[in-house]
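Structure, as structure tokens:
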Amino acid sequence: MSPGRSDDTEESWVGGYRDYDIVKEFVIALVAVTLITVLLAALFSSPDERPVTIAGWARADAKDFVATAITELNHSSEVAQYGPPYTDTPGATQKVGPADLQSIPGVRIPVDTARDFVLDPLATEARADPALAAALAQYRAAPVAQQNAWTDAYAKAFDKASISNGHITIGRRDFGPVATMMQDLLAMAQGGGLDGALLTTKQFYQTDYTKPVLFMAGGSYFEDQATAQHLTGEQWGMMYETGNYPGQAWLWLYTFWYQVEPFKSSGNADAEIWVIMMVLTAALVFVPFIPGVRSLPKALRVYRLIWRDYYRRVEHPASPEGS
């Protein structure tokens, strides 16, 4: 249609014109959004908390560290008794009825707590320490019953032990090589060597913190740090970040079940809640195929409220001018 011409169904533009620099608008918008983002990140971003390390644990609470190391050595720790995916401990798995869901994937991340957390790290130190090398050789050569006798005796005596400046003072009993091993393990941990030993893998980037976290989870220090930061999941419906910052709010439905009975006190809570979430997820996926449920939007007519302007124009069109 030529300029200045109009008919009953269309009108030509009769206003003014001005130049529009879309590149300039883009640059202004980009700079403005960048500045606002940086400002908000500086004001409201999560705090950069220092990581919890085994070295920090061994220095802050040496007795808790050694007590945990003993349970790892005699395979009585929570990790050693956990079952898949770490160990194949009989009867340690979570079940839903007869279904042993925890064992289905199998032992995908094998962990021998004595070997991985104590013996192998100490073996790296024993290359330059003949006394430690002899202690490790004696321990490895002993029958399991003898190993357990040494660790049990040390564990009982350790309740009354004291630690000062990294030196363990403990009563005289038949601990075999365990006393030497625990003393050297504590020194290794406080010096930072144990962190490095547990992170050493065949990968180029040493970013697999599974073993250090599992080791620290056996003691009370790690949990105390989480409690101080409100990270233990004791509050309803929320996963938290460090400090007074809300975390993954979208996980509220998953964490909600851990706060109510019977899951709150159930030993199979993880497996039971997983099944519940799978059922709820499947129900959401199959909503379009469930009779009655799939018709709710049409019956409730909420869409007409949302698109009311459209339906007003369609159902009550304006009369043509001059008619």
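The values are calculated or read from the model by the stated rules, or taken from the named source; none is laboratory data. Keep in mind the model is a prediction, meaning the values are calculated, not measured. Virtual Cβ from ideal backbone geometry, glycine too; neighbours counted across all protein chains shown. Note: accessible area is taken over every heavy atom of the protein model, side chains too, but ligands, DNA and RNA are not part of it. Shrake-Rupley method; radii C 1.70, N 1.55, O 1.52, S 1.80 Å.
Residue under question is Gly176, and the condition is that it be at positive phi and touching a residue at least 60 places away in the same chain (Cβ under 8 Å); does it hold? Spell out the reasoning first.
On the way: at positive phi: yes; touching a residue at least 60 places away in the same chain (Cβ under 8 Å): no.
Against the criterion (at positive phi and touching a residue at least 60 places away in the same chain (Cβ under 8 Å)), Gly176 does not qualify.
Run Arg140 past the list (1) of a type in the set (D, E, K, R); (2) open to solvent by 60 Å² or more (accessible area, probe 1.4 Å); (3) assigned to a helix (DSSP H, G or I); (4) closer than 15 Å to Lys63 by Cα and report the number of the one that doesn't hold.
If we test Arg140 against (1) of a type in the set (D, E, K, R); (2) open to solvent by 60 Å² or more (accessible area, probe 1.4 Å); (3) assigned to a helix (DSSP H, G or I); (4) closer than 15 Å to Lys63 by Cα, just (4) comes out false.
Quick check, is Ala226 at pLDDT below 95, crowded, with 17+ Cβ neighbours inside 10 Å and either closer than 22 Å to Ile54 by Cβ or not polar (S, T, N, Q) (or both)? Before the answer, list the steps.
On the way: at pLDDT below 95: yes; crowded, with 17+ Cβ neighbours inside 10 Å: no; either closer than 22 Å to Ile54 by Cβ or not polar (S, T, N, Q) (or both): yes.
Here the answer is no, as Ala226 does not meet what is asked.
Return the residues of the stretch 125-136 that are open to solvent by 60 Å² or more (accessible area, probe 1.4 Å) and closer than 23 Å to Thr200 by Cα; say none if nothing qualifies.
Passing the criteria: Glu125, Arg127, Ala128.
Output the residues belonging to the stretch 78-116 that are open to solvent by less than 30 Å² (accessible area, probe 1.4 Å), part of a loop (DSSP other than H, G, I, E, B) and within 20 Å of Ala197 (Cα to Cα).
Residues satisfying the conditions are Val79, Ala80, Val111.
Can Thr34 be described as among the β-branched types (Val, Ile, Thr), more than 27 Å from Gln183 (Cβ to Cβ), part of a loop (DSSP other than H, G, I, E, B) and out of contact with any Ser or Thr (no Cβ under 9 Å at 6 or more places or on another chain)? Don't jump to the end; show me each part of the working.
On the way: among the β-branched types (Val, Ile, Thr): yes; more than 27 Å from Gln183 (Cβ to Cβ): yes; part of a loop (DSSP other than H, G, I, E, B): no; out of contact with any Ser or Thr (no Cβ under 9 Å at 6 or more places or on another chain): yes.
In short, no.
Filter the stretch 1-15 for residues that are at pLDDT 75 or above and either open to solvent by less than 90 Å² (accessible area, probe 1.4 Å) or within 60 Å of the chain's Cα centre (by Cα) (or both) and give the result. Break it down stepwise before answering.
Initial filter on the stretch 1-15 (at pLDDT 75 or above): 12, 14.
Selection gives Ser12 alone.
Could you check, for the stretch 175-195, whether at least one of its residues is in a loop (DSSP other than H, G, I, E, B), at pLDDT 95 or above and within 14 Å of Leu73 (Cβ to Cβ)?
yes
So for the stretch 58-73 (the condition being touching a Ser or Thr at 6+ places or on another chain (Cβ under 7 Å), open to solvent by 70 Å² or more (accessible area, probe 1.4 Å) and among the β-branched types (Val, Ile, Thr)), does at least one residue qualify?
No: the stretch 58-73 contains no residue that is touching a Ser or Thr at 6+ places or on another chain (Cβ under 7 Å), open to solvent by 70 Å² or more (accessible area, probe 1.4 Å) and among the β-branched types (Val, Ile, Thr).
Taking the stretch 187-236 only, how many residues are more than 28 Å from Leu132 (Cα to Cα) and either touching a Leu at 6+ places or on another chain (Cβ under 6 Å) or aliphatic (A, V, I, L, M) (or both)?
3
Return yes or no: is Ile273 surrounded by 10 or more Cβ atoms within 10 Å (Cβ to Cβ) and either more than 30 Å from Pro98 (Cα to Cα) or at pLDDT 90 or above (or both)?
Numbers: surrounded by 10 or more Cβ atoms within 10 Å (Cβ to Cβ): yes; either more than 30 Å from Pro98 (Cα to Cα) or at pLDDT 90 or above (or both): yes.
Criteria met by Ile273.
Hey, could you check the stretch 143-174 for residues that are in a helix (DSSP H, G or I) and under 15 Å from Lys63 (Cα atoms) and say which is most open to solvent (accessible area, probe 1.4 Å)? Outline the logic, then answer.
Our first condition is that a residue be in a helix (DSSP H, G or I); within the stretch 143-174, this holds for 144-158.
When the remaining residues are screened for being under 15 Å from Lys63 (Cα atoms), the result is 154-158.
Working: Tyr154: 2, Ala155: 36, Lys156: 143, Ala157: 14, Phe158: 8 Å².
Among them, the one singled out is Lys156.
Go through (1) surrounded by 16 or more Cβ atoms within 10 Å (Cβ to Cβ); (2) part of a loop (DSSP other than H, G, I, E, B); (3) at pLDDT 90 or above one by one and return the number of the condition Thr242 breaks.
Exception for Thr242: condition (3).
State all residues of the stretch 196-207 that are of a type in the set (Ser, Thr, Tyr) and either open to solvent by less than 10 Å² (accessible area, probe 1.4 Å) or part of a helix (DSSP H, G or I) (or both); if no residue qualifies, say none.
Here is the first cut: in the stretch 196-207, the residues of a type in the set (Ser, Thr, Tyr) are 200-201, 205, 207.
The answer is none; no residue qualifies.
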